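Reading through the C-alpha coordinates given below for one structure.
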(Lines give C-alpha, C1' and ligand atoms only; values in the text may rest on other atoms or scores of the structure.)
Protein backbone atom coordinates (compact mmCIF):
# COMPACT_ATOMS: atom_id res chain seq x y z
CA UNK A 1 0.00 0.00 0.00
CA UNK A 2 1.22 3.51 -0.77
CA UNK A 3 2.05 5.68 2.19
CA UNK A 4 1.96 8.83 0.11
CA UNK A 5 5.56 9.76 0.86
CA UNK A 6 8.41 9.39 -1.62
CA UNK A 7 12.05 8.69 -0.86
CA UNK A 8 12.97 12.37 -1.01
CA UNK A 9 9.93 13.67 0.81
CA UNK A 10 6.73 14.84 -0.78
CA UNK A 11 4.31 12.59 -2.62
CA UNK A 12 5.36 9.36 -4.24
CA UNK A 13 5.00 8.99 -7.99
CA UNK A 14 2.07 6.56 -7.74
CA UNK A 15 0.17 8.13 -4.87
CA UNK A 16 -2.43 9.77 -7.12
CA UNK A 17 -3.24 6.37 -8.67
CA UNK A 18 -3.52 4.86 -5.20
CA UNK A 19 -5.94 7.60 -4.14
CA UNK A 20 -8.15 6.97 -7.19
CA UNK A 21 -8.19 3.23 -6.51
CA UNK A 22 -8.82 3.71 -2.80
CA UNK A 23 -11.68 6.16 -3.43
CA UNK A 24 -13.34 3.81 -5.94
CA UNK A 25 -12.95 0.82 -3.62
CA UNK A 26 -14.49 2.70 -0.71
CA UNK A 27 -17.50 3.93 -2.69
CA UNK A 28 -18.50 0.78 -4.57
CA UNK A 29 -20.44 -2.31 -3.59
CA UNK A 30 -18.77 -4.39 -6.31
CA UNK A 31 -14.94 -4.27 -6.09
CA UNK A 32 -14.64 -5.55 -9.69
CA UNK A 33 -15.73 -2.10 -10.85
CA UNK A 34 -12.41 -0.73 -9.61
CA UNK A 35 -10.19 -2.98 -11.70
CA UNK A 36 -9.17 -0.19 -14.17
CA UNK A 37 -7.95 1.97 -11.29
CA UNK A 38 -6.16 -1.02 -9.75
CA UNK A 39 -4.47 -1.80 -13.07
CA UNK A 40 -3.34 1.82 -13.42
CA UNK A 41 -1.84 1.75 -9.94
CA UNK A 42 -0.01 -1.53 -10.54
CA UNK A 43 1.28 -0.29 -13.91
CA UNK A 44 2.64 2.80 -12.17
CA UNK A 45 4.41 0.64 -9.60
CA UNK A 46 5.82 -2.11 -11.84
CA UNK A 47 5.69 -0.82 -15.46
CA UNK A 48 4.76 -4.29 -16.77
CA UNK A 49 2.90 -3.07 -19.87
CA UNK A 50 5.62 -0.54 -20.66
CA UNK A 51 8.31 -3.22 -20.40
CA UNK A 52 6.30 -5.62 -22.58
CA UNK A 53 5.87 -2.91 -25.23
CA UNK A 54 9.60 -2.10 -25.19
CA UNK A 55 10.40 -5.80 -25.64
CA UNK A 56 7.99 -6.05 -28.57
CA UNK A 57 9.59 -3.01 -30.22
CA UNK A 58 13.06 -4.48 -29.72
CA UNK A 59 12.01 -7.87 -31.13
CA UNK A 60 10.52 -6.18 -34.21
CA UNK A 61 13.71 -4.17 -34.69
CA UNK A 62 15.88 -7.29 -34.43
CA UNK A 63 13.58 -9.11 -36.86
CA UNK A 64 13.87 -6.19 -39.30
CA UNK A 65 17.67 -6.15 -39.04
CA UNK A 66 17.87 -9.91 -39.64
CA UNK A 67 15.50 -9.69 -42.61
CA UNK A 68 17.44 -6.85 -44.22
CA UNK A 69 20.75 -8.57 -43.50
CA UNK A 70 19.41 -11.63 -45.32
CA UNK A 71 18.78 -9.36 -48.32
CA UNK A 72 22.56 -8.69 -48.37
CA UNK A 73 22.34 -5.20 -46.95
CA UNK A 74 25.21 -4.21 -44.72
CA UNK A 75 24.37 -4.33 -41.02
CA UNK A 76 25.87 -0.85 -40.59
CA UNK A 77 23.45 0.53 -43.22
CA UNK A 78 20.51 -1.07 -41.44
CA UNK A 79 21.60 0.32 -38.09
CA UNK A 80 22.15 3.77 -39.61
CA UNK A 81 18.52 3.85 -40.75
CA UNK A 82 17.25 3.75 -37.17
CA UNK A 83 17.74 2.40 -33.73
CA UNK A 84 15.32 0.98 -31.21
CA UNK A 85 14.43 4.43 -29.90
CA UNK A 86 13.68 5.56 -33.46
CA UNK A 87 10.76 3.25 -34.17
CA UNK A 88 10.70 4.07 -37.86
CA UNK A 89 8.43 7.10 -37.66
CA UNK A 90 10.98 9.30 -39.41
CA UNK A 91 12.51 7.89 -42.59
CA UNK A 92 16.03 8.93 -43.50
CA UNK A 93 16.71 10.34 -46.94
CA UNK A 94 19.72 9.64 -49.12
CA UNK A 95 21.46 12.98 -48.39
CA UNK A 96 23.92 13.80 -45.63
CA UNK A 97 23.00 15.72 -42.52
CA UNK A 98 24.58 18.98 -43.73
CA UNK A 99 22.61 18.87 -46.99
CA UNK A 100 19.40 18.23 -45.09
CA UNK A 101 19.95 21.11 -42.65
CA UNK A 102 20.60 23.58 -45.50
CA UNK A 103 17.17 22.84 -46.95
CA UNK A 104 15.39 23.75 -43.73
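Points worth noting:
- Condition check for residue 37: at pLDDT below 85, surrounded by 11 or more Cβ atoms within 10 Å (Cβ to Cβ) and part of a helix (DSSP H, G or I): no
- Any hit, the stretch 42-55, residues being touching a residue at least 12 places away in the same chain (Cβ under 8 Å), assigned to a helix (DSSP H, G or I) and more than 18 Å from the chain's Cα centre (by Cα): no
- Residue 21 being within 25 Å of the chain's Cα centre (by Cα), assigned to a helix (DSSP H, G or I), at pLDDT 85 or above and closer than 30 Å to residue 6 by Cα: yes
The values are calculated or read from the model by the stated rules, or taken from the named source; none is laboratory data. Owing to the predicted nature of the structure, the values given are computational and were not obtained by experimental measurement. Glycine also receives a Cβ, built like all others from the backbone with ideal geometry; neighbour counts cover every protein chain displayed.
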